[in-house]
Amino acid sequence: MSVIKQTEILSPQFVAGHETTVNLIGSGVLALLENPDQMEKLRRNPSLTKSAVEELLRYSAPVFMATERYAREDVIIQGATIPRGGMTFAVIGSANRDESVFSRPDTLDITREPNKHLAFGYGIHFCLGAPLARLEAQIAIRALLDRLPDLRLKGSTESLSWRQSLVLRGLDALPVRF
Ligand code: HEM
């Protein structure tokens, strides 16, 4: 029997590779359940699975906030000055709903194109596990839709509880019926 120690659960590698993808699948399935037209479209068109997962990444932002960055020089962004050495956090969840980039940003559209979301970050620290995470979510969500034709939420959306984290955005649990 394999036992996972608490220290392993808390290790950054474990969070990077496991919890993020769990959150994508959980929040992603919730987003589909809340948007039955999109769920139905995806059920009927398996070829949309890839673009649906991109949209779920944008819409649900499993890593809600990037790790900290420090300004190398004074910089002014939208009128706010960040002094040299100042610490900043980029809120990916907000960038993914930027109305100057995405039309109808609060609408889930599994056919959205282009979809230049920042769910995996940007630049030199772009997520190392992005291809694996994408594949896992595509397989899991496809399998769920194919095998559970009557998948639905157990209880109301308001009764769901979300993890207390500024960085990761995900549900404690997603109770469903099928
Ligand atoms: C849906 C799933 C995932 C999401 C949304 C996600 C998101 C991110 C984001 C936003 C960053 C950049 C953080 C920053 O710039 O501060 C990042 C970095 C990273 N991710 Fe992921 N990730 C996911 C899955 C994975 C998986 C499955 C692995 C490994 C198997 C992984 C490994 C890493 C590593 C090692 C880094 C650091 C890269 C670096 O600093 O150069 N991630 N991830």
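Where a number appears in this text, it was derived from the coordinates with a stated rule and is not lab data. What you see is a predicted model; the values in this text were computed from it and never measured. All Cβ positions, even for glycine, are placed from backbone atoms using ideal geometry, and neighbour counts span all protein chains on display.
If the condition is being surrounded by 15 or more Cβ atoms within 10 Å (Cβ to Cβ), under 11 Å from ALA66 (Cβ atoms) and near the ligand (Cβ under 6 Å from one of its atoms), then the range 115-131 contributes ALA119, PHE120, GLY121, CYS127.
Yes/no per residue for (1) farther than 17 Å from GLU19 by Cβ; (2) of a type in the set (Asp, Glu); (3) within 19 Å of the chain's Cα centre (by Cα):
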site: ALA130; (1), (2), (3): no, no, yes
site: ALA133; (1), (2), (3): no, no, yes
site: ARG142; (1), (2), (3): yes, no, yes
site: SER156; (1), (2), (3): yes, no, no
site: ARG177; (1), (2), (3): yes, no, no
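From the list ARG177, ARG142, ARG147, ARG163, the lone residue that is charged (D, E, K, R) and surrounded by 16 or more Cβ atoms within 10 Å (Cβ to Cβ) is ARG142. A single member of GLU34, GLU54 is exposed (fewer than 15 other Cβ atoms within 10 Å of the Cβ) and more than 10 Å from the ligand (Cβ to nearest atom), and it is GLU34.
Taking the criterion of being more than 17 Å from LEU33 (Cα to Cα), in contact (Cβ under 8 Å) with a residue 60 or more places away in the chain and either within 16 Å of the ligand (Cβ to nearest atom) or of a type in the set (Asp, Glu) (or both), would at least one residue in the range 138-160 satisfy it? Checking the range 138-160: not a single residue is more than 17 Å from LEU33 (Cα to Cα), in contact (Cβ under 8 Å) with a residue 60 or more places away in the chain and either within 16 Å of the ligand (Cβ to nearest atom) or of a type in the set (Asp, Glu) (or both).
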